[in-house]
Amino acid sequence: MRKIAERIEYSPTTIYLHFKDKQALFQELCAVDFLAFARVFERVLKVKDPVERLRKIGLTYVKFGLEHPHHHRLMFMTPHTPVDPEPGSIQKGNPDQDAYALLRLTVEQALEAGALRTDLGDADALAQVLWSGVHGVVALQIAKGNDAWIDWKPVAKTAERMVEAMIHGLAAPRAARRS
């Protein structure tokens with residue numbers, strides 16, 4: 001808390017007037033960041049085709065992470081105890097506010113439409129596979145993107161290829177798809 005106070009040029013006492021402890025400050029930062037994160041998916045919600053929506057979700061995730069690397073690091077790359085949202089803030093399971101719920105719902109709809117292989121798992125398992133793939137693109141770019149040891153390709157192209165590879169790998173055989 002002293003380091004935070006020093007950085008924002010407040011006294012530690014002032015911070016404690018607003019936050020009970022470090023955990024309360026952390027919860028508030030996460031709540032604000034996760035709400036901002038959910039808002040970037042508002043346009044994606046309008047995409048009717050679940051497979052196309054999966055593409056947009058993946059690319060939107062990558063774009064957010066690359067545009068907000070410090071927020072992404074705090075939200076998804078910093079080990080911490082689970083944070084329960086304050087009442088009235090983000091509603092767990094509401095696709096309008098919970099990005100994971102949107103991803104899961106979209107995977108569920110793609111499964112119901114026969115667009116994804118059912119032998120690879122349920123909606124949660126497949127949502128977590130998709131999330132892991134795009135998260136890996138963002139995490140590598142944040143952590144190693146300026147490492148000259150590797151001839152990094154443009155991250156936007158890498159993200160597109162990752163999303164396409166995952167969708168292709170999870171896609172149901174054409175004969176099994178419903179129209």
Item to complete: Scan Val83, Val62 and give me the residue that is at pLDDT 95 or above and on the phi < 0 side of the Ramachandran plot.
Response: Val62
Worksheet entry | Residue selected from region 21-45 under the condition over 19 Å from Val138 (Cα atoms) and not in a helix (DSSP H, G or I), by the criterion modelled with the lowest pLDDT | Asp21
Worksheet entry | Single unsatisfied condition, Lys48 versus (1) in a helix (DSSP H, G or I); (2) at pLDDT 75 or above | (1)
Practice prompt. Considering (1) assigned to a helix (DSSP H, G or I); (2) more than 19 Å from Val155 (Cβ to Cβ); (3) modelled with pLDDT under 90, say which one Met75 fails and leave the rest.
Written response: (2)
Practice prompt. Kindly indicate which of Ala139, Ala110, Ala175 is modelled with pLDDT under 90 and assigned to a helix (DSSP H, G or I).
Written response: Ala175
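For Val62, indicate whether it is within 18 Å of Asp33 (Cα to Cα), crowded, with 18+ Cβ neighbours inside 10 Å and in contact with a Gly (Cβ under 8 Å, 6 or more places away or on another chain).
no
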Practice prompt. Would you confirm whether any residue within region 150-162 is crowded, with 19+ Cβ neighbours inside 10 Å, of a type in the set (S, T, N, Q) and in a helix (DSSP H, G or I)?
Written response: no
Worksheet item: When only residues in region 46-85 that are without any contact (Cβ under 8 Å) to a residue 60 or more places away in the chain and among the hydroxyl-bearing types (Ser, Thr, Tyr) count, which is farthest from Ala139 (Cα to Cα)?
Response: Thr81
Worksheet, complete the sentence: Of those in region 20-36 that are surrounded by 13 or more Cβ atoms within 10 Å (Cβ to Cβ) and among the acidic types (Asp, Glu), the residue nearest to Tyr61 (Cα to Cα) is Asp33
Practice prompt. Please name all residue pairs, on different chains or six or more residues apart, with Cβ atoms under 7 Å, provided the first residue is in region 117-143 and is over 17 Å from Ile167 (Cβ atoms) and touching a residue at least 24 places away in the same chain (Cβ under 8 Å) and the second residue is basic (Lys, Arg) and surrounded by fewer than 19 Cβ atoms within 10 Å (Cβ to Cβ).
Written response: Ile142/Arg73
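Give the residues of region 16-38 that are among the charged types (D, E, K, R) and over 15 Å from Tyr100 (Cα atoms), sorted by residue number.
Selection gives Lys20, Asp21, Lys22, Glu28.
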Worksheet item: Of the residues that sit in region 27-53 and are under 12 Å from the mean Cα position of the chain (by Cα) and of a type in the set (A, V, I, L, M), which one is farthest from Ala159 (Cα to Cα)?
Response: Leu35
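The values are calculated or read from the model by the stated rules, or taken from the named source; none is laboratory data. All values derive from a computational prediction rather than experimental measurement. Cβ: placed from backbone, ideal geometry, glycine included. Neighbour counts: every protein chain shown.
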